[in-house]
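Below: one structure, written as structure tokens.
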Amino acid sequence: MATNVQNIIEKYNKDKTRLMDILIDVQSEYGYIPKEAIGQIANNLDISHVDVEQTLSFYHFFSEKPTGKYAIYLNDSVVANMMGRQKVKETFEKEAGIKFGEVSPDGQIGLFDTACIGMNDQEPAALINGRVFTNLTPFRVKEIIRDIKGGTVVEDMFTAAYGDGENRNELIKSTVQNNIRKKGPILDDDYTPGIVIWKKLPEMTPEQVIDEVKKSHIRGRGGAGFPTGLKWEFCRKTKGDKKYIFCNADEGEPGTFKDRVILTERPKLLFEGMVIAGYAVGATEGIVYVRHEYTYLKNYLENLLQGARDRNLLGKDIGGIKGFDFDIRIQFGAGAYVCGEESALIESAEGKRGEPRDRPPFPVEKGYLDKPTVVNNVETLCSVVKILLNGPEWYLKFGTKDSAGSKLLSISGDCKYPGVYEVEWGFAVTDILEMVGTDIEDVQAVQVGGPSGSLIGKDEFARTLCFSDLATGGSLIIIGKQRDILNDIVLNFTDFFIDESCGSCSTCRNITHLMKVKLEKILDARGVENDINDLVEWGKILKVSRCGLGQTAGNPILTSIKNFRYLYEEKIQKDKEYDSGFDLAESVKDSCEAVGRIPNLN
Amino acid sequence: MSTLIKFKIDGVECMAETGAYVVEAAVENGIFIPTLCNIKGVKPRGSCRVCTVLVNGRPMSACTTPVASGMEVENNIAELNDIRKAIIEALFVEGNHFCPSCEKSGNCELQALAYRFQMMVPRFPFDFPVRDIDASNPKIIKDHNRCILCKRCIRAIKTEDGKSVFAFKKRGRQLEINVDPDLGELFTDELAAKAAEICPVGAILLREKGYEIPIGQRKFDKEPIGSDIEKK
Ligand SMILES: Cc1cc2nc3c(=O)[nH]c(=O)nc-3n(C[C@H](O)[C@H](O)[C@H](O)COP(=O)(O)O)c2cc1C
Ligand code: SF4
Ligand code: SF4
């Protein structure tokens with residue numbers, strides 16, 4: 001083992017900023033990270049033992065204990081549950097003879113829960129040794145476990161056909177479906193890779209590129225909506241001997257999966273966008289930070305990067321522009337939603353735990369390795385290519401006055417056609433529901449923007465998707481009439497934030513949990529009116545958290561109280577003003593039973 | 001060369017050097033902004049959120065935000081003081097803090113802030129977590145029951161060659177402080193004393209020592225925390 005680990009460490013030049021990659025390789029080699037390896041890594045990278053453990057213990061897909069020869073991670077998100085996860089889970093447990101959270105005694109199978117894996121349009125889905133299995137049914141689970149017991153390797157376990165488009169590429173070979181339902185300017189088939197690099201960049205100064213981007217009024221597609229041109233300009237103006245372009249492909253917000261589709265079908269567009277950004281701000285290196293769940297795209301993406309180098313779309317003097325050097329590498333994550341936050345993303349890419357930084361300074365001033373860094377969402381970078389190709393005026397024709405362009409929506413839940421839709425900004429929620437083949441009468445609520453967004457009811461369906469009204473990173477989860485909003489959605493999302501908090505801020509670490517305890521009290525029919533008011537008050541405390549995760553962690557509860565307060569009121573005790581939530585008889589039951597006494601509490 | 005700039009805290013005109021953090025700048029102007037994870041001379045981290053102020057109307061941690069000319073800071077207002085009190089209460093229910101039996105009582109910044117904000121009983125239910133006391137280190141005792149995860153030890157205590165002795169382990173509510181098993185051996189008496197001193201609560205204690213300063217004569221026994229700053 002020692003030599004294997006040593007080879008991995010040396011592959012990354014004993015560079016402590018590549019600790020993530022080292023751990024990823026060791027985890028994938030052994031199915032866990034053995035104790036001896038931790039010491040060996042610490043010694044070689046000249047860092048403390050606790051520093052290695054700090055990174056290792058932060059990420060969901062690293063483990064200090066064996067996870068089984070076949071490590072099965074079954075998505076536990078809201079939509080997976082809507083689509084029949086419970087039966088799939090039970091079948092896994094029955095067939096494997098173990099519970100979730102356990103590894104079989106022979107070390108063959110490990111069963112684990114995991115947060116949304118970006119497959120909401122084909123749930124229930126699971127990752128097995130990094131490969132994606134979609135549309136699971138109890139029958140399919142039986143096949144899988146039979147294959148495992150027969151010793152079939154994961155790559156050979158696909159009995160059915162591969163997915164559409166590039167999913168069947170020799171280097172992907174996955175059953176994932178794109179489910180592209182509607183194309184627009186970004187997903188447009190009519191695209192010649194490299195066209196902007198060859199035809200436009202050589203005739204433009206970096207300042208002109210920034211100017212075009214500014215004129216297009218494009219704002220970031222990752223959720224925060226910061227004007228892209230301005231961000232680039234800040235970075236261009238900050239002095240630095242080296243600058244970086246990051247593409248944020250962490251896509252961890254439950255219900256979002258559009259970046260997966262871009263990475264599969266339009267990766268060259270993304271890479272071209274990064275090159276343009278590099279040219280504009282004066283960066284020489286680009287890093288695509290891809291969430292662990294999309295590891296199945298690794299060979300495909302790396303092969304494309306090589307192809308781009310061969311065609312001088314990456315490397316030295318790109319596009320014939322003397323002195324313009326730029327290259328791209330891919331950095332995988334290891335399971336942490338918070339790493340989608342731009343400064344946590346950078347920390348993670350530096351080999352550390354994904355703990356967001358204090359801002360200021362912003363990444364454009366002090367980012368990756370303390371150098372000026374631009375972080376942009378996948379879709380933002382793709383859009384820029386089309387803006388430069390067709391001009392800002394062309395782009396401004398799409399969308400609304402304050403929200404230019406198109407947006408890729410990831411739509412899932414109770415609808416006939418879940419998938420990715422590229423639409424112009426400015427449509428109402430009702431239009432969207434109609435587009436996806438859903439009868440409004442069957443809809444109880446829509447979760448706009450994922451758990452960190454808001455849960456809206458019918459009286460808000462006339463609102464429009466744009467930055468000045470319903471701003472969104474693009475996730476829409478449709479919730480049918482048959483669903484129990486508080487138990488199935490609000491509780492699940494709140495648990496999600498609790499699990500994904502980095503834990504650094506006392507507010508995010510504590511208050512979300514305390515709100516959940518209160519929510520459970522209400523769900524248990526022990527709540528009173530004041531408990532609902534407390535939730536609203538406590539939610540305000542979260543707003544002083546360091547990053548967006550903590551600041552929005554109360555949103556599932558807060559927006560459901562705002563828009564569905566009656567659901568809470570139905571559950572509380574009307575005749576009481578106060579309930580401590582403490583049941584004395586229940587609390588002493590066990591001890592009374594043990595000593596054979598009947599509790600007399602009067 | 002240093003340049004002085006003007007800004008306001010709660011409407012009071014203040015002066016500070018450019019680049020100073022709001023918390024420090026406030027101290028220079030005799031204004032107390034409560035802090036807990038912050039410690040003088042060590043890079044701030046903004047994790048307890050107790051020092052949250054409104055900067056031009058937006059919540060920001062005062063320990064990590066540099067002052068800027070013309071900045072309007074709101075600090076001593078009811079809305080913020082209640083959030084601060086709630087944060088402290090939440091820290092009490094998160095761990096197991098039995099002040100009367102704690103060696104740090106009277107020197108503890110968490111306890112002192114609770115007094116200052118007149119905390120009676122937390123608004124939140126107690127968690128009563130089951131946590132360990134780690135006594136494996138020859139010089140210190142690490143009591144996880146009292147740790148508020150302020151990161152001071154991680155940030156301030158390093159070996160001579162700059163390596164971490166303390167680090168975080170896990171995340172979210174599983175987060176804990178991990179003491180390096182190898183480097184712990186290198187702990188000098190000096191380093192151990194420093195660790196115990198910088199810990200705002202009684203989570204790092206020196207072995208075989210205690211109650212050197214009697215109760216009644218400790219840091220916060222006579223006056224509320226922050227009084228020294230306000231007297232300036
Ligand atoms: C908890 C959290 C998770 C986030 N996840 C993502 C993500 O998965 N993808 C993304 O592009 N932005 C994400 N963001 C937003 C990023 O911080 C950042 O604003 C964005 O990547 C900037 O790119 P843009 O300007 O192109 O949108 C997240 C923010 C937070 C607070
Ligand atoms: S808000 Fe939560 S996730 Fe963000 S830095 Fe604070 S503890 Fe970490
Ligand atoms: S041990 Fe003390 S200094 Fe270290 S994080 Fe815990 S409370 Fe802070």
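What the table below lists for this structure:
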| quantity | calculated |
| --- | --- |
| Extent along principal axes [Cα atoms of region A:300-429; Å; largest to smallest] | 43, 40, 33 |
| Residue-by-residue Karplus 3J(HN,Hα) for region B:219-225, coefficients 6.51, -1.76, 1.60, Hz, glycine and proline x | 3, 10, 6, 9, 9, x, 4 |
| Dipole magnitude of region A:43-134, debye to nearest 20 (Cβ charges: Lys/Arg +1, Asp/Glu -1, about Cα centre) | 360 debye |
| Gain on full stretching of the segment that runs from B:Asp161 to B:Asp182 - 0.36 nm per residue minus C-alpha separation | 6.1 nm |
| Square roots of five times the Cα gyration tensor eigenvalues for region A:301-351, Å | 29, 13, 7 |
| Dipole magnitude (debye, nearest 20) for chain B, charges at Cβ of Lys, Arg, Asp, Glu | 380 debye |
| Charge dipole magnitude, Cβ of K and R +1, D and E -1 - the protein assembly as shown, Cα centre, debye nearest 20 | 1020 debye |
| Relative contact order %, chain A, counting alpha carbon pairs below 8 Å whose residues are six or more apart | 13 percent |
| Per-selection metrics, region A:1-128 (Cα): Rg and Dmax in Å | 16.8, 48 |
| Dipole axis of region A:303-389 (+1 Lys, Arg; -1 Asp, Glu on Cβ), positive-most option in A:Ser383, A:Ser348, A:Ala308 | A:Ala308 |
| Rounded FRET efficiency, nearest 0.05, which uses the C-beta distance separating B:Gln174 from B:Met15 and R0 of 51 Å | 0.70 |
| Net length gained if the chain between A:Asp310 and A:Leu567 were fully extended (0.36 nm per residue, minus Cα distance) | 86.5 nm |
| Rg over Rh [alpha-carbon atoms, Kirkwood Rh] for region A:406-483 | 0.91 |
| Calculated FRET value between A:Arg597 and B:Val130, using beta carbons and R₀ = 35 Å, to 0.05 | 0.85 |
| Karplus (6.51, -1.76, 1.60) ³J(HN,Hα), θ = phi - 60°, over region B:81-91, in Hz, Gly and Pro reported as x | 5, 6, 5, 4, 4, 5, 4, 5, 4, 5, 5 |
| Distant-in-sequence amide H partners of A:Val375 (H built 1.01 Å from N, under 5 Å) | A:Phe246 |
| Separation of alpha-carbon centers, region A:466-541 and region B:110-186, rounded to whole Å | 28 Å |
| Lysine pairs with alpha-carbon atoms under 28 Å apart, region A:20-158, spacing 8 or more or separate chains | 25 |
| Acute angle (nearest 10 degrees) that the helix A:491-500 long axis makes with the longest principal axis of chain A, alpha-carbon atoms | 60 degrees |
| Distance-filtered residues of region A:77-119 - backbone nitrogen under 11 Å, label point 7 angstrom along A:Gln482 Cα→Cβ | A:82-84 |
| Rounded if a/c under 1.5, otherwise prolate or oblate - region A:181-396, Cα gyration tensor axes | rounded |
| Region B:40-116: trypsin sites (Lys or Arg not before Pro) in DSSP loop, at most 11 other beta carbons within 10 Å | B:Lys40 |
| Eligible lysines near A:Lys215 by straight Cα distance, threshold 17 Å, same-chain separation 8 or greater | A:Lys200, A:Lys231, A:Lys386, A:Lys397, A:Lys401 |
| Helix A:2-11 axis, angle to chain A major axis (alpha carbon atoms, nearest 10°) | 50 degrees |
| Under 5 Å, built H, 5+ apart or other chain: amide partners of A:Phe332 | A:Val290 |
| The protein assembly as shown, helix-only ellipticity at 222 nm - DSSP H runs n ≥ 4, -39,500 (n - 2.57), divided by all residues, nearest 500 | -10000 deg cm²/dmol |
| Whole-number D in µm²/s for region B:1-53 (Stokes-Einstein; Kirkwood sum over Cα pairs; 25 °C, 0.890 mPa s) | 206 µm²/s |
| Cysteines without a disulfide-compatible neighbour (Cβ-Cβ under 4.7 Å), chain A | A:Cys116, A:Cys235, A:Cys247, A:Cys339, A:Cys382, A:Cys415, A:Cys466, A:Cys502, A:Cys547, A:Cys592 |
| For A:Ser475, residues with placed amide H under 5 Å, excluding near neighbours | A:Ser410, A:Gly449, A:Gly450 |
| Label-to-label distance, nm, for residues given as B:Ile215 and A:Lys99 (7 Å Cα→Cβ offset) | 4.3 nm |
| Pairwise Cα inverse-distance average, inverted: Kirkwood Rh of region A:70-160 (Å) | 12.8 Å |
| Relative contact order (percent, whole number), region A:267-401, Cα cutoff 8 Å, 6+ residue spacing | 23 percent |
| Cα-only Debye scattering, chain B: base-10 log of I(q)/I(0) at q = 0.10, 0.11, 0.12, 0.14 Å⁻¹ | -0.50, -0.61, -0.72, -0.96 |
| Sequence-separation-based contact order of chain B, relative, with Cα cut under 8 Å and 6+ spacing, percent | 20 percent |
| Prolate/oblate/rounded label for region B:81-129 (Cα gyration tensor, a/c 1.5) | oblate |
| Average silhouette area of chain A, convex hull of alpha-carbon atoms, in square nanometres | 30.1 nm² |
| Calculated FRET value between B:Glu223 and B:Glu197, using beta carbons and R₀ = 22 Å, to 0.05 | 0.65 |
| Full-stretch length increase - B:Lys43, B:Ala78 - with 0.36 nm per residue and alpha-carbon distance subtracted | 9.7 nm |
| Alpha-carbon centroid distance for the pair region A:376-453 / region A:87-101, whole angstrom | 37 Å |
| Farthest positive-ward along region A:70-160 dipole, Cα basis, beta-carbon charges - from A:Gly130, A:Val88, A:Tyr73 | A:Val88 |
| More than 21 Å apart - percent of Cα-Cα pairs taken over region A:486-569 | 20 percent |
| Phi to ³J(HN,Hα) by Karplus 6.51 cos²θ - 1.76 cosθ + 1.60 over region A:446-462, Hz, x for Gly, Pro | 10, 8, 9, x, x, x, 7, x, 9, 9, 10, x, 3, 5, 10, 5, 7 |
| 0 to 90° range, to nearest 10: angle between helix A:506-523 axis and chain A longest Cα axis | 40 degrees |
| Region B:35-74 shape via C-alpha gyration tensor axes, a/c threshold 1.5 | oblate |
| Among B:Ser164, B:Ser136, B:Ser101: highest mean-square fluctuation, GNM of chain B, C-alpha pairs under 10 Å | B:Ser101 |
| Alpha carbon centroid spacing (whole Å) that separates region A:1-41 from region B:202-232 | 46 Å |
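Only the coordinates and a few stated rules stand behind these numbers; no lab work does. Computed from a predicted model, the values in this text were never measured in an experiment. Ideal geometry is used to build each Cβ from the backbone, glycine not excepted, and the neighbour counts take in all protein chains shown.
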